[in-house]
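See below for the structure under consideration.
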Amino acid sequence: MGRTDENEFEKMKLTKASTNKVACNVYLDSFGINKVKIQNFEYDSKKSIECYLDFEELALIANDCMTGKLIKELDNGQKVLGMKGSASSKNYDGAPESRVLSIGKSGDKIFINMTRGKGKLGDKGQIMPDGQPDLKIGVPVTIDKFRSMMIYSYDCVKAYLAHSINQTYREVNEARLKASTNKTE
């Protein structure tokens, strides 16, 4: 994770993959809401797209990376990992914003693709694309780099959850003991 001499942006970064034009960064700053933030960034334009995956979604991706299932699925076409967004976007004057995270495979590279565009609310409150996206950023990475990014990120989630569960247990146990002590007084 980050070093103390880095700025806050770098401290929150778990891992990254980059070329001389684009980068894909994975951050821990959304762990408090049980999500992992993944950001694709273009160096020249300074434009970026952020998508958030639930811990459970990341667990499935990491597991599929470990078993080889994901690569087999990618040999049969692109896979959507997340279709999310914002119900009230600054990019679209308060209207919904759609963000889609998908991956594809070409030769020995996996492409981490993100799109952003106008969105619409579905029947169950989900945000779906409404027309063509206006921003697309794809980051090519080796298969091994993608696998290591997902597995390492999930290992960090597991460590975070273990710490959180221990902390929650201590707090609940202290409250229980305090309540028990108050009853006997």
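Quick check on region 141-157. Is at least one of its residues among the aromatic types (Phe, Trp, Tyr), more than 20 Å from Ile112 (Cα to Cα) and surrounded by 10 or more Cβ atoms within 10 Å (Cβ to Cβ)?
no
Could you list, ordered by first residue, the pairs with Cβ atoms under 7 Å in which the first is in region 93-110 and touching a residue at least 24 places away in the same chain (Cβ under 8 Å) and farther than 15 Å from Ile127 by Cβ and the second is crowded, with 22+ Cβ neighbours inside 10 Å and among the charged types (D, E, K, R), at least 6 apart or interchain?
none
Among the residues of region 53-60, are any closer than 26 Å to Phe31 by Cβ, within 15 Å of the chain's Cα centre (by Cα) and assigned to a strand (DSSP E or B)?
Within region 53-60, one or more residues are closer than 26 Å to Phe31 by Cβ, within 15 Å of the chain's Cα centre (by Cα) and assigned to a strand (DSSP E or B).
Tell me which residues, restricted to region 110-163, are farther than 19 Å from Phe41 by Cα and of a type in the set (A, V, I, L, M, F, W, C).
Passing the criteria: Leu121, Ile127, Met128, Ile143, Ile151, Cys156, Val157, Ala159, Leu161, Ala162.
Does Val157 fit the bill of being in a strand (DSSP E or B) and not small (Gly, Ala, Ser)? Spell out how you get there, then give the answer.
Values: in a strand (DSSP E or B): no; not small (Gly, Ala, Ser): yes.
So Val157 does not fit the description; no.
Taking region 81-140 only, how many residues are farther than 20 Å from Lys37 by Cα and out of contact with any Gly (no Cβ under 7 Å at 6 or more places or on another chain)?
15
I need a count of the residues in region 26-52 that are touching a Ser or Thr at 6+ places or on another chain (Cβ under 9 Å), outside any loop (DSSP other than H, G, I, E, B) and of a type in the set (A, V, I, L, M, F, W, C).
6
The numbers here are math on the coordinates, done by the rules we state, and not lab data. Predicted, not measured: the structure shown is a model, and the values here were computed from it. Ideal geometry is used to build each Cβ from the backbone, glycine not excepted, and the neighbour counts take in all protein chains shown.
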